[in-house]
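The values are calculated or read from the model by the stated rules, or taken from the named source; none is laboratory data. These numbers were taken from a predicted model, which means no experiment stands behind them. With ideal geometry, Cβ positions are generated from the backbone for all residues, glycine too; neighbour counts draw on all protein chains shown.
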4 protein chains.
Amino acid sequence: MTFPASLMDGYERYLSKGFVRYKETHERLAVYGQKPDILVISCCDSRVTPEGIFHAGPGELFVVRNVANLVPPHEQAQGQHGTSAAIEFAVDSLKVKHIVVMGHGQCGGVKAFRENANSPMATGEFIGRWIKLLEPAAIAMACMPIDKADDPQLAMEYAGVRQSLKNLMTFPFVERAVREDGLLFHGAWFDIGSGELRLMDPETQRFETAGSGSTEDAD
Amino acid sequence: MTFPASLMDGYERYLSKGFVRYKETHERLAVYGQKPDILVISCCDSRVTPEGIFHAGPGELFVVRNVANLVPPHEQAQGQHGTSAAIEFAVDSLKVKHIVVMGHGQCGGVKAFRENANSPMATGEFIGRWIKLLEPAAIAMACMPIDKADDPQLAMEYAGVRQSLKNLMTFPFVERAVREDGLLFHGAWFDIGSGELRLMDPETQRFETAGSGSTEDAD
Amino acid sequence: MTFPASLMDGYERYLSKGFVRYKETHERLAVYGQKPDILVISCCDSRVTPEGIFHAGPGELFVVRNVANLVPPHEQAQGQHGTSAAIEFAVDSLKVKHIVVMGHGQCGGVKAFRENANSPMATGEFIGRWIKLLEPAAIAMACMPIDKADDPQLAMEYAGVRQSLKNLMTFPFVERAVREDGLLFHGAWFDIGSGELRLMDPETQRFETAGSGSTEDAD
Amino acid sequence: MTFPASLMDGYERYLSKGFVRYKETHERLAVYGQKPDILVISCCDSRVTPEGIFHAGPGELFVVRNVANLVPPHEQAQGQHGTSAAIEFAVDSLKVKHIVVMGHGQCGGVKAFRENANSPMATGEFIGRWIKLLEPAAIAMACMPIDKADDPQLAMEYAGVRQSLKNLMTFPFVERAVREDGLLFHGAWFDIGSGELRLMDPETQRFETAGSGSTEDAD
């Protein structure tokens, strides 16, 4: 058997622990289906797990994960676009009430984009095209810098989240849900080393530390 | 502040619990970067969290999540394709050793595809196009049915995983990694109600229950 | 002379027998032209002759024969499409009252399609493309299987007839003739070994044995 | 039940007569499959049935029927071309030894082409494009008239058969079968009113009455 032992061991632990904790929730979800209130668009990065960071149980978060947590604009989303399809499903079928776009520090996709801007042949066939979605973010940042350029990687990570939030509104079905159903957007950013979460202020578009940061002994 | 209270509460719990448990891992991952061995391609469904099911800590799983856990074939992945980009990043940059495609029961994307086959106008602009990626899976199933048609939804969920595994090999960089670096593929399927995990036998392409199912008190 | 002797012998028999029987019909048809009520779309297979199976004389059946008795959908019928042209001629010029799509057992085209689904390079340049017209039939079958999958070849033969009937309605001139002139469609399937004819029930879309099966001594 | 009574009556006669006559042939063909030696490309016209004219039983003739018995040239046969697919199947899979292209008098497709040459909007969407395949035949005829122009409809019917035979050789798999396996082509033309069959002399390309024309009492 070639299935990774670490996964099999993890699954055994899940069965005896995680699943047992949520057993009734799982049974209920199997009968009544999912009805999450929140769509999270996050990165594939192995260090950023939305359900972990938000301590979310089964049925709570509908999660899209792609490189650099990007939302394409409506007009570039022709063809078979997984992220646009997932947003449509979340908004039109599941009627989520919140969409969270969560960036993070040391993002490899943002890093590839920044390097690629100088040596365009550096990245692969698909990554190279995918991260071009960050181009408008870079242009917006270059023209109206909100963040200090002291850490251009961080500034670009923020700019990417802002651009994705902006792109969300280009989808007619999202725009309608915002207008008619009160759908809300949220920008977030996670620091891998410290576990710090920052939220974007909708007015200033700046990212500020969220929560108390205090460590309680809950759960 | 409009940020969902459930997320903020969850984040506080994470800080005091999940993050504390993995504090050193996080600090190490921030310094040395991620180096996951495993790429998991899973569904956006709120009831199916790869890190939960495999009890995986930070840095272990690189995770793509799209509707119906689909891998497009290389030739249809033109344009800005997030899933193809993520696979390329995982294989070419991160050099993962395993790719797990994990389907699950009651998949809404598969359900939409099955309903759409009879009333093609039923699904939305993006979902409708995205789930067309299941067409070759349906064709393969109709022509050479491996699974009993007693539960066509389940049969189609399995067929989708098989097709995604087949599509993986259409990417030249994946084919090369399989040939030269021993990259391995795995098909899996998760049952929401019972927590049962099934793995695909690479020879027979059939799905069989994985693990002992015993409940130990570990962790 | 290289003309096959079997054909020449057969023609001599025809002249003395078949033609003599229908001599006046032929003379009338030469003067007044053809006015068949029925279009039959059937397979090229040497074992399935519509005029034989329906004991039809000259002038009765307008017959299209292609591999696997397929009707392309209107949108895929661009270019110089013989089947679409023949349907247009039958409906618009000849004003036929019935269209019969007749499949049959052991269809080589359906077999090639089923094998091709697993090893796509198996069939030739033209056959490979032509039988792709069966793809929607396979998808419909995989998603909403009407027939038992115990005999997937038979199930696919039925599905092909259903799809061709569905495709007929995509032609504006056919749709208009159905609506305004009461044009009727019929699905049929012929068993080579037993001579059994099955007709599709328009409601259930299932195929049932036609006729009494009794052997009278007529003719 | 809307199935035409004439067909159902005909089928009952077939069961008691045609099928009974060929019962063992049918059973054998069901077990061993078809292996016809001859491909006939004929018109859909209700007055021209190859199996009737050649008094052929089940398993003898592989039959393509399209409007005006046309073979497209290889380069125009892109897309999903039924006639090219059928020829490929007959030559490559069934290894037929003869291909007969059989035209006939009062051909509606040829008539439409001739009228269309003067009033191009006269024919429908598909027929109009399909019969354009006769254009090279018309050009060849205009440049090097073999037949007397006294009956331009007949001359065009002959020219169509010649062109289809010429087009056959543009398919690489046909050309190879001719060169390596001795595959033979035959041009034929059938007169509806008199039952007369004319064969094309391969040297002169002229059509001459075939057979004795005598009426024996065989069968």
Item to check | Among the candidates D:Ser42, D:Ser16, D:Ser93, residue that is under 22 Å from the mean Cα position of the chain (by Cα) and without any contact (Cβ under 8 Å) to a residue 12 or more places away in the chain | outcome: D:Ser93
Checklist entry - touching a Phe, Trp or Tyr at 6+ places or on another chain (Cβ under 6 Å), within 14 Å of chain C (Cβ to nearest Cβ) and within 26 Å of D:Phe54 (Cα to Cα): does that describe D:Gly195? => result yes
Next on the checklist: Please go through (1) facing chain A (nearest Cβ under 7 Å); (2) touching a residue at least 24 places away in the same chain (Cβ under 8 Å) for B:Pro4 and return the number of the only condition it doesn't satisfy.
Outcome noted: (2)
Checklist entry - All but one of (1) outside any helix (DSSP H, G or I); (2) modelled with pLDDT under 95; (3) charged (D, E, K, R) hold for A:Lys132; which doesn't? => result (1)
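Okay, residues lined up against (1) of a type in the set (Lys, Arg); (2) closer than 26 Å to C:Ala90 by Cβ:
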{"residue": "C:Trp130", "(1), (2)": "no, yes"}
{"residue": "C:Met141", "(1), (2)": "no, no"}
{"residue": "C:Asp147", "(1), (2)": "no, no"}
{"residue": "C:Gln153", "(1), (2)": "no, no"}
{"residue": "C:Leu168", "(1), (2)": "no, yes"}
{"residue": "C:Arg176", "(1), (2)": "yes, yes"}
{"residue": "C:Glu180", "(1), (2)": "no, yes"}
{"residue": "C:Ala188", "(1), (2)": "no, yes"}
{"residue": "C:Ser194", "(1), (2)": "no, no"}
Item to check | Only listed residue being touching a Leu at 6+ places or on another chain (Cβ under 9 Å), farther than 30 Å from A:Phe207 by Cα and not hydroxyl-bearing (Ser, Thr, Tyr), chosen from A:Leu15, A:Leu39 | outcome: A:Leu15
Checklist outcome for this item: Exactly one of B:Ser6, B:Ser16 is small (Gly, Ala, Ser), farther than 21 Å from A:His26 by Cα and not assigned by TED's automatic domain parsing to the domain that holds B:Ile131, and that one is B:Ser16
Checklist entry - Exactly one of (1) more than 7 Å from chain C (Cβ to nearest Cβ); (2) in contact with a helix residue (DSSP H, G or I) (Cβ under 8 Å, 6 or more places away or on another chain) is unmet by D:Glu115. Its number? => result (2)
Checklist entry - For segment C:53-79, how many residues meet the condition of being surrounded by 22 or more Cβ atoms within 10 Å (Cβ to Cβ) and at negative phi? => result 16
Checklist outcome for this item: By residue number, the members of segment B:163-174 that are within 12 Å of chain C (Cβ to nearest Cβ) and crowded, with 23+ Cβ neighbours inside 10 Å are B:Gln163
Checklist entry - Only one residue in D:Gly108, D:Gly103 is touching a Phe, Trp or Tyr at 6+ places or on another chain (Cβ under 9 Å), assigned by TED's automatic domain parsing to the domain that holds D:Leu199 and surrounded by fewer than 24 Cβ atoms within 10 Å (Cβ to Cβ). Which one? => result D:Gly108
Item to check | Hits in segment D:138-189 (condition: part of a strand (DSSP E or B) and either more than 16 Å from D:Arg206 (Cβ to Cβ) or without any contact (Cβ under 8 Å) to a residue 40 or more places away in the chain (or both)) | outcome: D:Leu184
Checklist entry - When segment B:124-148 is examined, which residues are found to be closer than 19 Å to B:Leu199 by Cα and either crowded, with 20+ Cβ neighbours inside 10 Å or hydrophobic (A, V, I, L, M, F, W, C) (or both)? => result B:Ala137, B:Met141, B:Ile146
Item to check | Residue in segment D:139-162 that is modelled with pLDDT under 80, in contact with a helix residue (DSSP H, G or I) (Cβ under 7 Å, 6 or more places away or on another chain) and facing chain C (nearest Cβ under 10 Å) present | outcome: no
